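The values are calculated or read from the model by the stated rules, or taken from the named source; none is laboratory data. Bear in mind that the values here come from a model prediction, so they are computed numbers and not experimental data. Glycine gets a Cβ as well: all are built from the backbone with ideal geometry, and neighbour counts include every protein chain shown. We work out accessible area using only protein heavy atoms, side chains counted, and drop any ligands, DNA or RNA first. Shrake-Rupley method; radii C 1.70, N 1.55, O 1.52, S 1.80 Å.
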Amino acid sequence: DLAEVNHLFKSTPFFNMKGKLIANTKYSGSLAFSSKMKNHFLLADHLSDVQLKDVEFHYKKFPLLFSFPNLKGQIIDDTLKLENSEITIADSDFKFNGSISKFIPYLLEASPKISVEGEMTSVYVKFDELMSIKDMNADQKKSISTLPNWLEVNVQTTIDQLSYQYFVAEQIEVGIEYSNFILKAKKVKMNTLNGQITGDAKFYERPYNYLKLFTSAHLEKINIRNLFTGFQNFGQEFIQDKHIKGEGTADIQLQS
């Protein structure tokens, strides 16, 4: 019972935790009831079958609810392998198949980063809500970089519907890669604004806090009025969505 486990820790960033943890563990290595246990654990042979059921919690003062309706996988030494695991953050839901490497060493501060690889699907993503996750550690010392330096990602993603403020897209397919301050969105395909958008994007940070975006996109039969509405008239008042209508098809190369 994770609610009971959570009460055992005098200081914890997790609040209102509930749910069940089921695990089978095989461990071959040394033990120590001291600070030496971290190194013993990292050097040991370790295999665990892990399952979380109906787990919910809040993290620090962050208002969004994290939940794991069903998470199932294995921890093999320093790698966490997940199978059809369900993750929900407030209104956004995800299913993930894949692996998270260097997971245990990162938690034990023995590795500078983790690596995520696999396939992710979602019925609905509320992107503006998820963007607030960057504020979770706002009370800690600020990072020298805007993009994270502790994460590597190679994930093939399919999303039924995504919203960001007034912008809505459906049937999204994209390959996401992130490493060394370079974020790539490959072979992007989505239905939006009564039309379709395909293309690629690259977003990177060199040097710190200097951000560059490169995109190459094809827009097919986009509803111009909906485009202006979705992007809130691009922050200007001279031409608004009520002033314009029609369809647009274009190839766009953008660097900013």
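Taking the condition under 27 Å from the mean Cα position of the chain (by Cα) and either open to solvent by 50 Å² or more (accessible area, probe 1.4 Å) or farther than 30 Å from Asp128 by Cα (or both), does Lys26 pass?
Values: under 27 Å from the mean Cα position of the chain (by Cα): no; either open to solvent by 50 Å² or more (accessible area, probe 1.4 Å) or farther than 30 Å from Asp128 by Cα (or both): yes.
Criteria not met by Lys26.
With the condition kept exactly as written, say whether any residue in segment 179-186 is among the hydroxyl-bearing types (Ser, Thr, Tyr) and modelled with pLDDT of 95 or more. First the steps, then the outcome.
Residues of segment 179-186 that are among the hydroxyl-bearing types (Ser, Thr, Tyr), as a first pass: 179.
After this cut, where a residue has to be modelled with pLDDT of 95 or more as well, the list is none.
No, segment 179-186 contains no residue that is among the hydroxyl-bearing types (Ser, Thr, Tyr) and modelled with pLDDT of 95 or more.
Criterion first (part of a strand (DSSP E or B), open to solvent by 60 Å² or more (accessible area, probe 1.4 Å) and either under 17 Å from Gln253 (Cα atoms) or charged (D, E, K, R) (or both)) does Glu173 satisfy it? Steps first, please.
On the way: part of a strand (DSSP E or B): yes; open to solvent by 60 Å² or more (accessible area, probe 1.4 Å): yes; either under 17 Å from Gln253 (Cα atoms) or charged (D, E, K, R) (or both): yes.
Taking the combined requirement at face value, the residue satisfies it.
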**Message:** Where the second residue is at pLDDT 90 or above and open to solvent by 70 Å² or more (accessible area, probe 1.4 Å) and the first is under 14 Å from Leu183 (Cβ atoms) and lies in segment 207-218, which pairs have Cβ atoms under 6 Å and are six or more apart or on separate chains?
**Reply:** Leu213/Ser256; Phe214/Lys202; Phe214/Gln255; Thr215/Leu254
**Complete:** Given the conditions (1) open to solvent by 90 Å² or more (accessible area, probe 1.4 Å); (2) touching a Phe, Trp or Tyr at 6+ places or on another chain (Cβ under 8 Å); (3) polar (S, T, N, Q), every one holds for Asn194 apart from (2)
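Scanning segment 232-256 for residues that are open to solvent by 100 Å² or more (accessible area, probe 1.4 Å) and within 30 Å of the chain's Cα centre (by Cα), which turns out nearest to Phe127 (Cα to Cα)? Steps first, please.
Kept after step one, since they are open to solvent by 100 Å² or more (accessible area, probe 1.4 Å), are these residues of segment 232-256: 234, 237-238, 242-243, 245, 247, 251, 253, 255.
Adding the requirement that they be within 30 Å of the chain's Cα centre (by Cα) leaves 234, 251, 253, 255.
Details: Phe234: 19, Asp251: 25, Gln253: 24, Gln255: 23 Å.
Selected residue: Phe234.
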**Message:** Can you report the number of residues in segment 1-23 which are within 18 Å of Pro69 (Cβ to Cβ) and surrounded by fewer than 13 Cβ atoms within 10 Å (Cβ to Cβ)?
**Reply:** 5
**Complete:** Subset of segment 29-47, residues loosely packed, with under 13 Cβ neighbours inside 10 Å and under 22 Å from Val5 (Cβ atoms), comes to Leu31, Ala32, Phe33, Ser34, Ser35
**Asked** Of the residues Gly73, Gly98, which is open to solvent by less than 30 Å² (accessible area, probe 1.4 Å) and at pLDDT 95 or above?
**Response** Gly98
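For every residue, the table says whether it meets (1) among the basic types (Lys, Arg); (2) at pLDDT 90 or above; (3) within 26 Å of Lys81 (Cβ to Cβ).
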position: Ile22; (1), (2), (3): no, yes, yes
position: Lys26; (1), (2), (3): yes, yes, yes
position: Gly29; (1), (2), (3): no, yes, yes
position: Ala44; (1), (2), (3): no, yes, yes
position: Ser48; (1), (2), (3): no, yes, yes
position: Asp54; (1), (2), (3): no, yes, yes
position: Lys60; (1), (2), (3): yes, no, no
position: Leu65; (1), (2), (3): no, yes, yes
